[in-house]
1. So what are the stretch 265-327's ellipsoid semi-axes, whole angstrom, largest first, if each one is the square root of 5 times an eigenvalue of the alpha-carbon gyration tensor?
2. Taking the Cα centre of the stretch 44-180 as origin, work out the dipole magnitude from +1 charges on Lys and Arg Cβ and -1 charges on Asp and Glu Cβ, in debye rounded to 20.
3. Applying the Karplus parametrisation 6.51 cos²θ - 1.76 cosθ + 1.60 with θ = phi - 60° to the phi angles of the stretch 228-245, what ³J(HN,Hα) value in whole Hz is obtained for each residue in order, glycine and proline being reported as x?
4. For the chain, what is the calculated [θ] at 222 nm in deg cm²/dmol (nearest 500), taking -39500 (n - 2.57) for each run of four or more DSSP H residues and dividing by its residue count?
5. Give the separation of the Cα centroids, the stretch 134-167 to the stretch 213-252, in Å.
6. Could you give each residue of the stretch 115-128 its phi-based ³J(HN,Hα) in whole Hz, using Karplus coefficients 6.51, -1.76, 1.60 with θ = phi - 60°, and x for Gly or Pro?
7. How high is the relative contact order of the stretch 107-182, given as a whole-number percent (alpha carbon pairs under 8 Å, six or more residues apart)?
8. Using 0.36 nm per residue, how much length does the chain from Leu232 to Glu164 gain when fully extended, once their Cα-Cα distance is taken away?
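Coordinate-derived values only; no laboratory data. Model, not experiment: these values are computed from the prediction. Note that each Cβ is placed from the backbone with ideal geometry, even for glycine, and that neighbours are counted across all protein chains shown.
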Amino acid sequence: DIKIINKIGELASQVQNSPSPAELQFLLQTLSNLHTVESAKREEWLATIHNDIINPLYFSMIENFPYSDSNPFIPDEHKLETLRNKDFLPFDKSKDELRNCLLHIYSDFIPLFNIDISKLQRLIFALSENYNNNPFHNFTHAFAVTQMIFSISERANKLQAFLEHKDRLALLVSALGHDLNHPGVTNAYMINTRHQLAVRYNDISVLENYHASTLIHFLELSGCDILENFPLQDKNYMRRQIIPTILATDMAKHFQVIANFEGVMKNFDRENADHRQAVMDGLLHSADVGNPTLRFDIATVYSLRIIQEFNKQVLTEEQKGLPVSEYLRVGNDVAGIKKNQLGFIEKLIYPLWKVVATYIPEAQIHIDTIEDNKRRWEELENLD
């Protein structure tokens, strides 16, 4: 794989005057034996080597970012105001523009936690480059989820009634990393193909465990450690918050997340860490599936993108003789797409956001948009 070979070369040049890291030694041994492995498994293993070892090492050494101690980052208030808009449009922005937007989103935390601006830029860059070019589960989606939570937070006085500052940072970092290296298929597909990640995580929230582990891996690297100035107790706390927050994005936990959120909100105690965790779980899960709460033209783009992934998985399952995920079979005709979207809104999204808006009134505008989008889907006759 050219991508892997090139990155190994760059890494080797950077460590040539020092003892090779254990990861590189393991890598060399593994690569030397890969020719004996069956081709399908070889591809899986190469992807694992690339995503779990090469990429973290590679991106932890990237330099030459625009901001530093001598050239500090100063947020642009106009851009911040734009990012507070519920219907911020990311599709016409380059990766560099979106990364700059993320610096603005995290800007509150730089002085609050004495975050190294170089490490923050490096972490944002590394995470943005560790999303695959899937139609839906890509960096744009990760950015959109992060921005949606930021938007709600800004309207709700930074969620101070529900979260401490470090909780809010954990939530926004979780949002950006919640789908890292997503393969564009479901947990069921990973399990049915006996993918090595399914084996690693014992068929339990396979992708969510992988995303969380990958994010923590990056945060542990010295070049990306934005928590370096946190006391050890707070570092451990952040890890304990980030992992379950990402695990709560597993759709298999949808109703459990709603029940936990509603349960704690009825008698909310900000001093109770479990209560704060339930808020974080609920908000990230809501934003992760929050496309139907956006303006109809934006929501429709996301809908068509996720349907493209669904259709591709169904086709692949049929071709490989795997159990077919019939609930993902949407097709490309308007009737099928309308049925899919209306069912998604009515059964899952509207009830979820209704609960969120009940306890966080600033989310009510999302409910208003869902209702309008439902009407628009019902009236739609074509996708031109």
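1. 35, 18, 7
2. 240
3. Karplus-based 3J(HN,Hα) across the stretch 228-245 equals 4, 8, 7, x, 3, 4, 6, 4, 5, 4, 4, 4, 5, 7, 5, 4, x, 5 Hz.
4. So the calculated ellipticity at 222 nm is -19000 deg cm²/dmol.
5. 16
6. Computed from phi, the couplings for the stretch 115-128 are 7, 5, 5, 5, 5, 5, 4, 5, 5, 4, 4, 4, 5, 5 Hz.
7. 39
8. Numbers: separation 68, 0.36 × 68 = 24.48 nm, distance 1.74 nm.
Here the segment from Leu232 to Glu164 would lengthen by 22.7 nm.
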